[in-house]
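This report concerns only the one structure given below.
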Amino acid sequence: MRQKKKANSLIALIGQIVLYALLFGGGLALSLYGGLVLFQLYLISDTVEVPDLLNQDLTRALNRAVELGLYLEVLRVDQDPFSPPSAILEQKPEPGSLVKKGQKIKVVINGTAVAGGTSSETSSTVQSAVVPEVKDIPLEEARRILSEEGFRVGNVSSVSHEQVPRDWVISQNPPAGSTLPQGETVHLLVSKGASETPVSSSILVPDLVGLKLEEAERLLRGEGLMVGEVREEVVPGRIPGIVVSQNPPPQTTVSPGEKVNLLVAQRVEDLKEVRLRFVLPETKDPITVRVEVEDELGKRTAYEEKHPGGETVELFTPTKGKGRVVIYLNNYYYWEKELD
């Protein structure tokens, strides 16, 4: 239901953008936002919203992720005495992010043990011992070592892990080297082995044009691709930081891990906006309005769209330094302005 509402909202937004383009000649607005909106609408059926797993215990978080077609990967175990044991302390991607089904949510869990436990047995006669290292060994061997050193095995949680073999210890709490009274518990996090996420042999490169650089990088990582060379160029009329071209192009089939090179619009210093306002001749047929700019940034077509006859056209075009702006109607010279 939530995805259906989002799809309806996106469709409404597309309609507004198209209407804006028709009324105000917003070709630039379409180029900047249209590609992003349409691409998000295309992805909506295969994406899910990342749930908020913060402060949930590991078991509940795992179940919630599986329900949505996602996977959990533990990055590390931290010590937070103010949070419950095995609670999720951090997660990436952030809650509310839209991701592909099958993507991993990387989490940091709390390894702090519950205070108390065997405190009734602890007294001045109980000897202390150093907690041994039991990471990166089989669970049964870890149990034996802890027992020989006078400690008990507490909670044993399991998560998928790409590198650690099944039934081997990923981490422990308290960590090795801690001094505790003998008889205290040591909690273990154990690997369930590699996740069963299907690995695709090929990936379609997404359309990144019109996205902010940060958004494009995040989308590439989510698709299993890498960001290649990021080059900046002055592109008049484009918002700085927006992707204007990519290689390989959209919908190209590539292997997982392939690099995608990006061209990003660079900020232009001393850029001015020239306001152009004029009334078109009364005609039955639409008139093609073209604006040519020649300045310190070079010669370029700043605008080209069709308008009804008799319409008042108002444009803002970015320029730099001296030069001129020339307006053509149906490819015939109409008017020009010198740039100081």
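Screening the candidates Glu294, Glu273, Glu304 for the property of being exposed (fewer than 14 other Cβ atoms within 10 Å of the Cβ), more than 27 Å from Val227 (Cβ to Cβ), among the acidic types (Asp, Glu) and modelled with pLDDT of 90 or more yields one hit, Glu304.
For region 280-289, which positions are surrounded by fewer than 17 Cβ atoms within 10 Å (Cβ to Cβ) and not hydroxyl-bearing (Ser, Thr, Tyr)? Selection gives Pro281, Glu282, Lys284, Asp285, Pro286.
Selection of first residues in region 127-140 that are assigned to a strand (DSSP E or B) and of second residues that are exposed (fewer than 12 other Cβ atoms within 10 Å of the Cβ), restricted to Cβ pairs under 7 Å at least 6 apart or on distinct chains, gives the following pairs, ordered by first then second residue: Ser128/Thr179; Val130/Gly177; Val130/Thr179. Somewhere in region 268-281, is a residue outside any strand (DSSP E or B), in contact (Cβ under 8 Å) with a residue 60 or more places away in the chain, outside the structural domain of Leu98 (by TED's automatic domain parsing) and hydrophobic (A, V, I, L, M, F, W, C)? No - not one qualifying residue is present in region 268-281.
Within region 210-257, the set of residues being among the small types (Gly, Ala, Ser) and not in a loop (DSSP other than H, G, I, E, B) comprises Ala216, Gly222, Gly228, Ser245. Scanning region 45-91 for residues that are in a strand (DSSP E or B) and not charged (D, E, K, R) turns up Thr47, Val48, Tyr71, Leu72, Val74, Leu75, Val77, Ala87, Ile88, Leu89, Gln91.
One residue stands out in region 79-119 among those that are touching a Phe, Trp or Tyr at 6+ places or on another chain (Cβ under 8 Å) and either buried (at least 21 other Cβ atoms within 10 Å of the Cβ) or polar (S, T, N, Q) (or both): the one that is modelled with the lowest pLDDT, namely Gln103.
The values are calculated or read from the model by the stated rules, or taken from the named source; none is laboratory data. The shown structure was predicted, so the numbers you read here are calculated from the model rather than taken from an experiment. Ideal geometry is used to build each Cβ from the backbone, glycine not excepted, and the neighbour counts take in all protein chains shown.
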